[in-house]
Amino acid sequence: MAVNTASRAETGEVVRHKITLEEFEHMVSAGVFQEDARLELIEGVLVDMTPVGFDHGFGVANLIRVIGKLAGESALVWVQSPIRLPDNTRPEPDFALLKPRPDLSPGSPPTAADVILVVEVSDTSLNYDRKVKAPLYAAALIPEYWIVNLHERTIEVYTNPAEGAYKQTHTVGTGDPLRLPAPLEGTMHVSDILPSQATN
C-alpha cells in the first residue's frame with residue numbers, strides 16, 4: 001500500500017526528490033543556482049559542500065603547484081570542477097588529473113574514463129570522503145583516489161577498484177615519498193602538500 005507524504009512526515013522519514021544528471025546540468029546552465037553555490041549531485045541527490053578553510057585552500061594550492069609541475073603536458077589538471085559519473089552523479093573533487101584527449105571540451109566534458117587520479121582534501125569531510133566518495137569513485141573504476149587528511153597530516157592512497165570498492169589502501173606520512181599513478185612518472189613527498197604547521 002502506498003504511503004502518503006503526510007504519514008512519512010509523521011514518522012520522521014525524509015522525503016527526497018531525486019533529479020537526473022541531465023536535469024541538474026540544465027538547472028546549472030539556466031542559472032538556477034547562485035554562482036558561488038557549492039553543490040554536488042550524488043546519486044541523484046543535491047549535496048551541499050562545506051565551506052573551504054585556509055588549511056584546505058593551501059592543500060589544494062600545493063596539489064596544483066607540485067603535481068601540476070610533475071605531470072607537465074601528460075595530464076590536464078582539473079581543480080574543483082565537475083566530472084560525470086554513472087548513476088546521476090556529478091562530484092566536484094578538489095583536484096584531479098585527466099587524460100588529455102582532443103575532444104575534451106564543454107561539449108564533451110570529462111567522465112570517469114578520463115580520470116587518472118582524483119583527490120579530496122579532507123578536514124570536516126573526512127568520514128564522507130571515506131564512506132561515500134571512495135565507493136562512488138571505485139564503482140566508476142577511477143584507478144586511483146587520494147584523501148589528503150588534514151587532521152593526521154597524511155595522504156591515504158586507494159587503488160585497484162573492483163566491485164564498488166578499492167581493494168588496496170595505504171597511508172603515506174609526512175616526509176615519505178609518493179609516486180604519481182601510472183602512466184605518469186614522478187615522485188613527490190607528502191610534506192610538499194602538507195608542510196609542517198607553524199607553531200606559536
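Couple of notes before you dig in:
- Flag if T159 is assigned to a strand (DSSP E or B) and more than 15 Å from the chain's Cα centre (by Cα): no
- Selection within the stretch 72-103 - hydroxyl-bearing (S, T, Y) and closer than 15 Å to V121 by Cβ: S81
- When residues of the stretch 172-181 are limited to those that are at pLDDT 90 or above and not in a strand (DSSP E or B), the one surrounded by the fewest Cβ atoms within 10 Å (Cβ to Cβ): D176
For every residue, the table says whether it meets (1) under 16 Å from L63 (Cα atoms); (2) of a type outside the set (K, R); (3) without any contact (Cβ under 8 Å) to a residue 60 or more places away in the chain.
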position	(1), (2), (3)
K99	no, no, yes
P110	no, yes, yes
V121	yes, yes, no
Y137	no, yes, yes
H151	no, yes, yes
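- Any hit, the stretch 51-71, residues being loosely packed, with under 13 Cβ neighbours inside 10 Å and under 23 Å from A139 (Cα atoms): no
- Each residue in the stretch 110-128 was checked for being of a type outside the set (S, T, Y) and either at positive phi or modelled with pLDDT under 95 (or both), and 3 pass.
- Some residue of the stretch 117-129 being more than 14 Å from P93 (Cα to Cα), hydrophobic (A, V, I, L, M, F, W, C) and surrounded by 12 or more Cβ atoms within 10 Å (Cβ to Cβ): no
- Selection of the stretch 44-62 for residues being of a type outside the set (G, A, S) and in contact (Cβ under 8 Å) with a residue 40 or more places away in the chain yields M49, T50, D55, H56, V60, N62.
- Exactly one residue out of Y166, Y137 is of a type in the set (S, T, Y), closer than 21 Å to I64 by Cβ and either part of a strand (DSSP E or B) or at pLDDT 95 or above (or both): that is Y137.
- I42 being of a type in the set (V, I, T), at pLDDT 85 or above and closer than 17 Å to P106 by Cα: no
- Flag for V47 being modelled with pLDDT of 85 or more, within 18 Å of R84 (Cα to Cα), of a type outside the set (D, E) and surrounded by 11 or more Cβ atoms within 10 Å (Cβ to Cβ): yes
Matching residues to (1) among the hydrophobic types (A, V, I, L, M, F, W, C); (2) in contact with a Leu (Cβ under 9 Å, 6 or more places away or on another chain); (3) assigned to a loop (DSSP other than H, G, I, E, B):
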| site | (1), (2), (3) |
| --- | --- |
| V121 | yes, yes, no |
| N127 | no, no, no |
| K131 | no, no, no |
| H151 | no, yes, yes |
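- Residue check for A198: at pLDDT 90 or above, loosely packed, with under 12 Cβ neighbours inside 10 Å and of a type in the set (A, V, I, L, M, F, W, C): no
The values are calculated or read from the model by the stated rules, or taken from the named source; none is laboratory data. The shown structure was predicted, so the numbers you read here are calculated from the model rather than taken from an experiment. Ideal geometry is used to build each Cβ from the backbone, glycine not excepted, and the neighbour counts take in all protein chains shown.
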